[in-house]
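Notes follow the structure.
Coordinate-derived values only; no laboratory data. None of the values given here were measured: they were computed from a predicted structure. Backbone-built Cβ (ideal geometry, glycine too); neighbour counts: all protein chains shown.
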Amino acid sequence: MTMQHFDFETVVREAGVSTEKLQFLAKNVREEFPTDDMMYELHLMRVCSAIRDKYLNLEQGLNPPKAA
């Protein structure tokens, strides 16, 4: 996975997100931002940062609540 706008590999590593889980997170975030690469990368980095900082656990990141 190549990121063009943000270098978040350290955040992913610190969060303990495996490559497999990162791919699943990335797929979910890409569905929200199918054409906006910068927003996609920003939101993916924010999810990983929230997991790293214990605001969110990995399960919550993998299964975000659906909008009503």
Within segment 28-68, considering residues that are basic (K, R) and surrounded by 13 or more Cβ atoms within 10 Å (Cβ to Cβ), the one farthest from the chain's Cα centre (by Cα)
R52
Could you check segment 4-27 and list, in sequence order, the residues that are more than 13 Å from V47 (Cα to Cα) and either touching a helix residue (DSSP H, G or I) at 6+ places or on another chain (Cβ under 8 Å) or of a type in the set (V, I, T) (or both)?
Q4, H5, F6, T10, T19
